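The values are calculated or read from the model by the stated rules, or taken from the named source; none is laboratory data. As the structure is a computational prediction, the values presented were derived from the model and not from experiment. Reconstructed Cβ throughout: ideal geometry from the backbone, glycine too, with neighbour counts over all protein chains shown. Ligands, DNA and RNA are excluded from the accessible area calculation, which covers all protein heavy atoms including side chains. Shrake-Rupley method; radii C 1.70, N 1.55, O 1.52, S 1.80 Å.
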Amino acid sequence: MKIVYCINSVKVLGGIERVTVVKANALAEIAGNEVYIVVLSDKGGKYIAQISPKVTLVDLDAEFFPDGFPGNRIQYVRQMMKKNKEYREKLSAFLHRVNPDVVVSVGHKEFEQLPKIRGPWKIVREVHHDRNFRMVLCKGESVFRHITAVYGTLSDRRVYPKYDKVVTLTQGDKAENWRGAKNVAVMPNPVSFVVDVPSSLTPKRIVSVGRLSVLKSYDTLVRAFAIVRQKHPDWELEIVGGGELKADLQRLIHSLSLEEHVILTGRITEVQEHLLKGSIFALTSVLEGFGLAIVEAMECGLPVVCTDCNYGPREIVEDGEDGFLVPVGAEKDIASKLCLLIENDGLRKKMGENARRKAALFHPQHLAERWMAFFEELTGKE
């Protein structure tokens, strides 16, 4: 089967980019498959993950946005329309040359363009976030942000029905946000790495991984950790990730006198190295499209304490078995579960072992087989 993934870039440091490479690599290992990753334009920088030599990377060299902002908005819109047309023509030429069985839209720029390119292939849109994420993000923001969010949401909903299939990450998202849609399927993300030896669960460190953004609510985690330190002053918290709220988080850490006990590592590519140096994983998000960081922590053998937010965590974590689910924003509950795992070595080890077994369900090759069954049903090709 010929499978094409379309994405903006595979040099941007992000979960979607990393997961796309992992899936492409795994599918390319299946005999008879030809797998392509088509990027808009990747100039300079390093790839987010190692791309298998069995995967063909195609750079369309199509700059989507005009250089700089022209003197007036009308001119800018005209330039954007021209760029849209140029990109669509390049993508169309490639697809007609390769003649794939399935084309998967993962990025932003090809989203509206693919349904306009006619061909015998099936087109699939992957949705890596809650369908209504824009409306959640704009809460408390300006009127302009609300208008932009509404426009983006309505625009998406206009295009989704044009795809043969839309794939979301969780059953919860499908049930609540895609009611009545007949072209929606569910497929979780694969863990982006597999480790041979899990964490020893002896370091006195709690680890979290994610963007420093409103959705991750790291202020909740820091305040919960301040409670933990009252009982366990020898433990520390490491937060791996960068983002727009770093300065705000640093101020909070300073106000709680936690500068020596909370580590803000910043953005990195090899998260497993940091997870393996921890003993507990914590995540206090208010919304998760899936929760890949949870699965990655489980792969490293870490028990998990995370908020029971929509929609991913409850479909990954079995409360009391491989981790704990706590209400969103419940700092005392988060602190209580963290303390329970800190104080009980046997429980921490047992949950860590269960977590590692759970992570095996998300290994790339296992999910590649599920994707192949999905593609075969979609195309009628075995």
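Points worth noting:
- Residue satisfying all of: in the stretch 156-171; surrounded by 18 or more Cβ atoms within 10 Å (Cβ to Cβ) and within 17 Å of the chain's Cα centre (by Cα); nearest to Ile117 (Cα to Cα) among these: Val166
- Condition check for Val207: under 20 Å from the mean Cα position of the chain (by Cα), over 30 Å from Met372 (Cβ atoms) and either among the hydroxyl-bearing types (Ser, Thr, Tyr) or open to solvent by less than 50 Å² (accessible area, probe 1.4 Å) (or both): yes
- Filtering the stretch 253-273 to residues that are open to solvent by 30 Å² or more (accessible area, probe 1.4 Å) and in contact with a Lys or Arg (Cβ under 9 Å, 6 or more places away or on another chain) leaves Leu256, His261, Ile263, Leu264, Arg267, Thr269.
- Looking only at the stretch 165-177, and only at residues there that are farther than 12 Å from Arg125 by Cβ and of a type in the set (A, V, I, L, M, F, W, C), the one that is modelled with the highest pLDDT: Leu169
- Residue check for Ile280: under 29 Å from Thr168 (Cα atoms), of a type outside the set (Lys, Arg) and either at pLDDT 95 or above or open to solvent by 20 Å² or more (accessible area, probe 1.4 Å) (or both): yes
- Residue check, Val271 in contact with a Cys (Cβ under 7 Å, 6 or more places away or on another chain) and touching a residue at least 40 places away in the same chain (Cβ under 8 Å): no
- The stretch 222-237 - residue that is part of a loop (DSSP other than H, G, I, E, B) and touching a Lys or Arg at 6+ places or on another chain (Cβ under 7 Å) and, of those, farthest from Leu292 (Cα to Cα): Asp234
- Any hit, the stretch 300-312, residues being modelled with pLDDT of 95 or more and assigned to a helix (DSSP H, G or I): no
- Of the residues Leu256, Leu201, the single one that is over 29 Å from Leu347 (Cα atoms) and either touching a helix residue (DSSP H, G or I) at 6+ places or on another chain (Cβ under 7 Å) or modelled with pLDDT of 95 or more (or both) is Leu256.
- Per-region count, the stretch 238-257, residues farther than 22 Å from Val12 by Cβ, outside any helix (DSSP H, G or I) and either touching an Asp or Glu at 6+ places or on another chain (Cβ under 9 Å) or in contact (Cβ under 8 Å) with a residue 40 or more places away in the chain (or both): 1
- Filtered residue count, the stretch 3-32, keeping only those that are surrounded by fewer than 19 Cβ atoms within 10 Å (Cβ to Cβ), in contact with a helix residue (DSSP H, G or I) (Cβ under 8 Å, 6 or more places away or on another chain) and closer than 15 Å to Ala368 by Cβ: 2
- So Leu292, is it open to solvent by 20 Å² or more (accessible area, probe 1.4 Å) and under 17 Å from Met351 (Cα atoms): no
- Given (1) under 30 Å from Trp371 (Cα atoms); (2) at pLDDT below 75, number of the condition Gly71 does not satisfy: (1)
- The criterion of at least 3 residues that are of a type in the set (A, V, I, L, M) and under 21 Å from Leu221 (Cα atoms) is met, among helices (runs of 4 or more DSSP H) falling completely within the stretch 328-382, by 331-343.
A quick yes/no check of all residues on (1) open to solvent by less than 60 Å² (accessible area, probe 1.4 Å); (2) closer than 17 Å to Thr202 by Cα:
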| residue | (1), (2) |
| --- | --- |
| Met298 | yes, yes |
| Cys306 | yes, no |
| Tyr311 | yes, no |
| Ile316 | yes, no |
| Asp319 | no, no |
| Val328 | no, no |
| Gly346 | yes, yes |
| Ala359 | yes, no |
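- Taken over the stretch 22-60, residues that are touching a residue at least 60 places away in the same chain (Cβ under 8 Å), of a type outside the set (S, T, N, Q) and assigned to a helix (DSSP H, G or I) amount to 4.
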